[in-house]
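Only one structure is covered here, and it is reproduced in the block below.
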Amino acid sequence: MRLRSRTLRRAGLNALGVLVALVTLFPILWMVSTAFKPAREIYSLTPHPLPAHPTLGNFRSVIDGKVIGLPYWNFLKNSLFVTLVSVVASTLIALLAAIAVARFRFRFRTSYLIMLLIVQMLPQQAMVIALFLDFRSLGLLDNLIGLILVYTAFSLPVTIWMLHNFVAAVPREMEEAAAIDGAGPMRIFWRIMLPLVAPGLVATSVFAFIFAWNEFIFALTFLGTDSAKFTLPIYVTYFYGRGTVNWGAIMAASTLFTIPVMTFFLIVQRRMTTGLVAGAVKG
Amino acid sequence: MVRTVSGRPGHASVTPAGRSRPTGSTSRQRAVAFMRRHRLTPYALLLPSVVAIGLLLLWPTIQITEFSFQNYGLPQVTGVAPTQWVGVANFSATLSDPEFWLSFRISLIFAAVVVPLTLLTGTLVGLLLNRLGPKMSAFVSSTALLAWATPAVSASVIFIWLADPDGGIVDWTLARMPSWLGGGAHWAGFSWTNAPLPAYTLLTALVVWQGFPFVAVTVLAGLKTIPAELYESARVDGGGPWRIFWRITYPMLKPIFLVLLLLSIIWDFGVFTQAYLVTGELGNRDEYNLGIYAYDRAFTMPPSYGVGSALALILTVILLIITVGYVRASVRQGAIQ
């Protein structure tokens, strides 16, 4: 009797779980499905969840660049360049800072940590006004280097914060033992610190990757005039703003933009959420 | 596998940073000697981050403060006319502008609706994840995190397409729903983006969809830290699930809820990308929230960087006030050791 009620409750919970998953996934599935639908199915009076006659036409029209004048690869290249360079830069800078904060006691240490928590909350739509004017006089508008600078700096507060928890988790005794065995600071760093904080580096670089890959406000403001410099978020909205809205093309562009970051995220999800939650639960 | 916090390197339940354990006086002496020899090292390590944050985050904040007291516009940018200090003129113009108060009210109401909805949805899903078996829980949290990882731009265009008047699935479904559920033929061709209320309803669904996974995963991580004995003894005492939640779960998770609440307020009050796209980029002035209004005043021709900066400063100050609460809550939780 008791066993049956438990099995029933379990089945009910699982059904609820499947329902939550379906509702959550629905918008993403609808995006992908629309991207594969021919126009008459997209605007059909009886929409179906899956395309009856799947087509690559929408993808072809955004990839060959008929609408925007340049092929998809151009924008993918821009996004990858900006994202990868800023991820490497921000992870390196964050690692140095994280070691300082986690391994040393010094004046202003607490002030520095509090500063990180505060600047993390500065609204980007406020900062963009001053940075636009600065970059205008420096000639960094319509320039991917400008975006790299901004993305590196804006991901730092979170990446340093995440990484300093990872560095602090490395037992000091290991470094001390190595030091007793006569290893210098560089050797200790390469042989002990780096391998042990590697999972942390993965987590923080994924955060920096998602931030730079998805960023919209700065790209929108800085890359106003030169469409060849657009990153993928601007490329996706480009299809949205022009005259007759072609939802097949927008969903295809959006799919091409979203799927890489999702795949990447799913692969490293475990470490990613750990780091994020650690940041949140512990402040 | 369900991701929990405990026992993973990200969790800061480890030795407090920098404080060496008393494992004998020699090791302490060595630590002291080490610190003395490397007195300048931490500053050198911090330098790149301080320069980057200082130049690209702190300096712009100071500049915005400066611009907000100046007549910074197109003539000043092109060098035709000099910048002049105008006192509080930008602020008094802003505060007497009904459009400012409209955008302020929209930001306020939006946060007041979306923050509780996100926290409630996230908490319920977190509680559900905690009750599911390991495989099911991993599956559901993976799908939830996919929603979280969806870029704001993609999520926005997806939701606008779902709610499109021609061919959108939302209107199609509503038109076929029975009238006692609020459905009916009048929903066919209904535009969700042409008026403030429908646009912000759509935006609410969008932001809750993207925001609840973070809450759910954080709540789940918190739930895993509550000892099972607490629940067992409560169950022996004969408490129902509702009572157990308020007697045990809520008090134990209260610090986490506080942080989530403050973070959600900061994010939702300042939401930009999704609001910008759902309200049809710039131009629909009655649908602006505070951030979009500031952006519009600064950049729409003729640009007025001074007024835009004044608005940006108001937004920044509001968010910083909430941030102070966030920092205090974090410090109280022992985030800074």
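The values are calculated or read from the model by the stated rules, or taken from the named source; none is laboratory data. Being a predicted model, the structure only gives us computed values, none of them experimental. For neighbour counting, all protein chains shown are included, and Cβ atoms are generated from backbone atoms with ideal geometry for every residue, glycine included. To get the accessible areas, we keep the full protein, side chains included, count just its heavy atoms, and leave off ligands, DNA and RNA. Shrake-Rupley method; radii C 1.70, N 1.55, O 1.52, S 1.80 Å.
A DSSP coil position with no more than 13 other Cβ atoms inside 10 Å describes the following trypsin sites (Lys or Arg not before Pro) in region A:1-77: A:66. I'd like the mean, over residues of A:167-179, of how many other protein chain beta carbons sit within 10 Å of each residue's own Cβ. Neighbouring Cβ atoms belonging to other protein chains average 4 per residue here.
Remark: the residue B:226-residue B:109 segment gains 38.7 nm on full extension, using 0.36 nm per residue and subtracting the alpha carbon distance.
The heavy atoms of residue A:154 present about 20 square angstrom of accessible area, all protein chains included, probe 1.4 Å.
Working ranking of peptides A:124-131, A:177-184, A:89-96, B:161-168 by packing, defined as the average number of other Cβ atoms within 10 Å per residue, highest first, is A:124-131, A:89-96, B:161-168, A:177-184.
Mean partner shielding of peptide B:265-273, defined as the number of other chain Cβ atoms within 10 Å of each residue Cβ, is 3. Subtracting the Cα-Cα distance of residue B:84 and residue B:38 from their residue separation scaled by 0.36 nm leaves 11.8 nm.
With the charge dipole of the protein assembly as shown set up from +1 on Lys and Arg Cβ and -1 on Asp and Glu Cβ about the Cα centre, the Cα lying farthest toward the positive end among the listed residues B:303, B:270, B:76 is that of B:270. The angle separating the long axis of helix A:144-168 from the principal Cα axis of greatest extent in chain A is about 50 degrees. Compute the helix-to-body angle for A:247-267: its Cα long axis versus the longest principal axis of chain A, expressed 0 to 90° and rounded to tens. Helix A:247-267 and the main axis of chain A meet at about 30 degrees. For peptide B:68-75, the mean count of partner chain Cβ atoms within 10 Å of a residue's Cβ comes to 0. Under the criterion of Cα pairs below 8 Å and six or more residues apart, the relative contact order for region A:125-209 equals 34 percent.
The convex hull drawn around the Cα atoms of chain B, when projected onto a plane and averaged over every direction, covers 25.8 nm².
Each semi-axis of the equivalent ellipsoid for region A:13-52 is √(5λ) with λ an eigenvalue of the Cα gyration tensor; in descending order they amount to 26, 10, 6 Å.
Leaving ligands and nucleic acids aside, the B/A contact buries around 10000 square angstrom of accessible area in total at a 1.4 Å probe radius.
The calculated 222 nm mean residue ellipticity attributable to helices in chain A amounts to -24500 deg cm²/dmol, summing -39500 (n - 2.57) over DSSP H runs of n ≥ 4 and dividing by all residues. Taking every protein chain into account, the accessible area of the protein assembly as shown amounts to 44 square angstrom per residue (probe 1.4 Å).
At an R0 of 30 angstrom, the distance between the Cβ atoms of residue A:22 and residue B:281 translates into a FRET efficiency of 0.40.
A Förster radius of 35 Å combined with the Cβ-Cβ distance from residue A:181 to residue B:47 puts the calculated FRET efficiency at roughly 0.70. Spacing of the modelled spin labels on residue B:235 and residue A:66, each 7 Å from Cα toward Cβ, amounts to 6.2 nm. The label-point distance for residue A:73 and residue B:55, in a model that sets each label 7 Å from Cα toward Cβ, rounds to 3.4 nm. Here, region A:125-197 is characterised by an Rg to Rh ratio of 1.27, where Rg is the alpha-carbon radius of gyration and Rh the Kirkwood radius.
Peptide packing for A:158-169, A:206-217, B:194-205 was compared via the average number of neighbouring C-beta atoms within 10 Å per residue; ordered from the highest value, the list is A:158-169, A:206-217, B:194-205. With contacts taken as Cα pairs under 8 Å at a separation of at least 6 residues, chain A carries a relative contact order of 28 percent. Each residue of region B:99-177 gets 160 Å³ once the volume of the Cα convex hull is shared out per residue. Mean separation of Cα pairs under 8 Å and 6 or more residues apart, divided by the residue count, gives chain B a relative contact order of 27 percent. Projected label points at residue A:137 and residue B:181, each 7 Å from Cα along the beta carbon direction, are separated by 6.0 nanometres.
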